[in-house]
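Take a look at the structure below.
Rule-based calculations on the coordinates, nothing more; no lab input. The model shown is predicted, which means the values in this text are computed figures rather than measured ones. Ideal geometry is used to build each Cβ from the backbone, glycine not excepted, and the neighbour counts take in all protein chains shown.
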Amino acid sequence: MEKIVIEGGRRLEGEVTVSGAKNAVLPLMAACVLAEGVSTFSNVPDLADVRTMGKLLEMLGARVNLADGVLTVDTAGVDKWLVPYELVKTMRASVLALGPLIARFGRARVSLPGGCAIGERPIDQHLKGFGLLGADIKVKEGYVEATASKLKGCVVPFDISTVTGTENVVLSAVLAHGQTTLLNAACEPEVSELCGVLNKMGAKIEGAGKDIITIQGVTSLEPVDMHEVMPDRIEAGTFMVASVLTKGDLTIKNCRFEHCGAVAGKLIETGAELTRTNNGVRIKGGCRTKSVDISTLPYPGFPTDMQAQLMVLMSVAEGLSVVTENIFPQRFMHAGELRRMGADIKLVGNSAVVRGVPKLSGAPIMASDLRASASLLLAGLAAGGRSELSRVYHLDRGYEKLDKKLESVGARVWRETQ
C-alpha cells in the first residue's frame, strides 16, 4: 500500500492540464451496452474506477481496452446480465449497468450498492423510473432483479434531483416504445454529455441540461466512433483551490469555464484573480484570503464534490465561514483530519463552522473518500512541515496522477510504500 508524502510551504506556478471527467466516462461506458459493436472514446483518464467499469463490462461479455487515453469497448459478445456485489462495493457507478441491460436484454441482476463513507445514497429513484417504464422490479438477497418484455414510454417525476438516477433512467428509456418525459431531471454537465453521445448513437433526446428531458424511443442504437470525453470540472476546481491556497499562479488548460462558475465565483470572493484563457483559466492567489460562506447545491450551484477542498481554503482564510452540506449531510469526515493539522472547525448538524488560522501544521493524515483525499493533499501543500497521506487508493479512483501534476508546478510531493 502506498502513501503520499508532502512537504508544504511551496508556491505553485505554471501550467497543468485537466484530464477527462471520471463522472462522464463511466455512464458513457455503460451506454456502450445499448449498441452491438465497437465504440471508441478519447481523453479517457486512466483511473481505478474506469478500470473497474471495464471489468464490469468484461464480465458481461464485452472486450475493453484502454491505452494512451483511448478507450475501446466491443460489446458484440455481451450476453450476460449479472453484476456482482464484489464490483458494486468498490464503485457505486456500477449500478449504471441496470438501465442498459433492462433496455437491451429485458433483464438484469445487479447488486444493491449499500452505504459509503459520505453517507447513504439509495437508488430508489432509479427503481421508481424503471418501474414506471414497465419493468418488474424485485429486491432479493441484496440484489435488484429486473425483467421487462418491452419498456414503454411514460412520465417519470423524480422526487429529488439525482445524477445517476437521471442517467440510469435515460439509458433505459432510449430503447423504450414511445415518449418518456423526465421531470426534475439532473442538470449536471455529465448528464448532458451522456445525452449528447446517445444522440450520436441514434437516440432522440431533447432538453439535456434542463430539468425536463424528453426521450423519443428508438428501436436500436449504433456504436459511437471516437468521442472526446469532456474535461473534469472537479479536477479543474481542485487545481483552482490549490493555486489560491499556495498564493500561486496556475494556468489550468483543458478546462471549460462555463462548468466551473460556482467555484470560480467563490474563489473570486476570497480575493483570487481569475482570467479566462483560450482553453481554460489562469488563477492567482491574493495576498490575503477572505472567508466566504459555502452552501452545496445541485448544478449549477456549488458542487458537493468541491466542498472539502474549499473547507481547506477556509481553514487558513481570514475570518469565520460556514460550510453547509445540503447534498450529503454526513460528508465531513475530512474535518477531523484537518483539525489534527491545526484547523479550527466545529460541526453543527449539516454545517461546519470554520475559523481561519494563520497556518496549518504537517501531520500524518488519512483519506476517507475520494474528495477528502484531494482536500487533505491540498492541506499538506499549505501546511508547514511534512505531512503523510495514507489510503491514497481513494485519490487514484478519481484523479489521474494528481500528485505528479502538482509536482510539475512546484509542489514537493512523492509516493512511498507503507
Top mean-square fluctuation among Glu337, Glu269, Glu190, Gaussian network model of the chain, C-alpha springs under 10 Å?
Glu269
Could you give the size of the charge dipole of the chain about its Cα centre, using +1 on the Cβ of each K and R and -1 on the Cβ of each D and E, expressed in debye and rounded to the nearest 20?
660 debye
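From the cross-link list Lys3/Lys247; Lys22/Lys247; Lys204/Lys401; Lys210/Lys253; Lys266/Lys359; Lys89/Lys266, which pairs have alpha carbons spaced over 31 Å apart? Please list the in-between numbers first.
Values: Lys3/Lys247 26 Å; Lys22/Lys247 28 Å; Lys204/Lys401 37 Å; Lys210/Lys253 27 Å; Lys266/Lys359 21 Å; Lys89/Lys266 34 Å.
Table pairs above 31 Å Cα-Cα are Lys204/Lys401; Lys89/Lys266.
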So what's the net charge close to Gly356: Lys and Arg +1, Asp and Glu -1, counting the other residues with Cβ under 11 Å from its Cβ?
+2
Nearest-ten-degree value, helix 163-173 long axis tilted from longest Cα axis of the chain
20 degrees
Which aspartates and glutamates have a Cα less than 12 Å from the Cα of Lys405, not counting those fewer than 8 places away in the same chain?
Glu13, Glu15, Glu235
Per the helix-only model, the chain has a calculated mean residue ellipticity at 222 nm (DSSP H runs of ≥4, -39500 (n - 2.57) each, divided over all residues, rounded to the nearest 500) of -9000 deg cm²/dmol
Between Leu183 and Lys150, Cβ-based FRET efficiency (R0 25 Å, step 0.05) works out to 0.65
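What FRET efficiency comes out for Glu15 versus Arg276 if R0 is 22 angstrom and r is the Cβ-Cβ distance? Round to the nearest 0.05.
0.90
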Here the net charge surrounding Leu250, from other residues whose Cβ is less than 12 Å away from its Cβ (Lys, Arg +1; Asp, Glu -1), is +2
Need the full-extension length gain, Asp293 to Tyr393, defined as separation in residues times 0.36 nm minus the C-alpha distance. One decimal, nm.
33.0 nm
Whole-Hz ³J(HN,Hα) from phi, Karplus 6.51 cos²θ - 1.76 cosθ + 1.60, for segment 221-238, glycine and proline x:
10, 10, x, 9, 10, 6, 8, 8, 5, 4, x, 7, 5, 6, 5, 4, x, 5
How big, on average over all directions, is the shadow cast by the Cα convex hull of the chain, in nm²?
18.2 nm²
Residue among Ser408, Leu98, Val348 farthest towards the positive dipole end of the chain, charges placed on Cβ:
Val348
Compute the whole-percent fraction of alpha carbon pairs in segment 284-418 spaced more than 19 Å apart.
48 percent
When the chain is treated as a GNM, springs tying every alpha-carbon pair under 10 Å, which of Asp396, Asp225, Asp249 comes out with the largest mean-square fluctuation?
Asp225
Reciprocal of mean inverse Cα separation for segment 1-144 (Kirkwood radius, Å)
16.8 Å
Could you check the simple spin-label distance between Lys210 and Asp225, using points 7 Å along Cα→Cβ, in nm with one decimal?
3.2 nm
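Quote the FRET efficiency, to the nearest 0.05, computed for Val357 versus Lys200 with a Förster distance R0 of 56 Å and r equal to the Cβ-Cβ distance. List each step's numbers first, then the result.
Values: r = 50 Å, r/R0 = 0.90.
Working from the Cβ atoms, E equals 0.65.
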Once you've got the GNM for the chain with C-alpha springs shorter than 10 Å, pick whichever of Asn350, Asn278, Asn254 has the biggest mean-square fluctuation.
Asn278
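Counting residues in segment 130-257 as N, plug N into 2.2 N^0.38 Å and put the Cα Rg over that result.
Cα-based Rg divided by the globular estimate yields 1.31.
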If one puts a single equal scatterer on every Cα of segment 22-227 and applies the Debye formula without solvent, what log₁₀ I(q)/I(0) results at q = 0.08, 0.12, 0.17 Å⁻¹?
-0.22, -0.52, -1.14
Per DSSP, loop trypsin sites (Lys or Arg not before Pro) in segment 201-270 with at most 15 further Cβ within 10 Å
Lys210
Longest principal axis of the chain (C-alpha) makes with the long axis of helix 370-382 (C-alpha) an angle, in degrees to the nearest 10, of 20 degrees
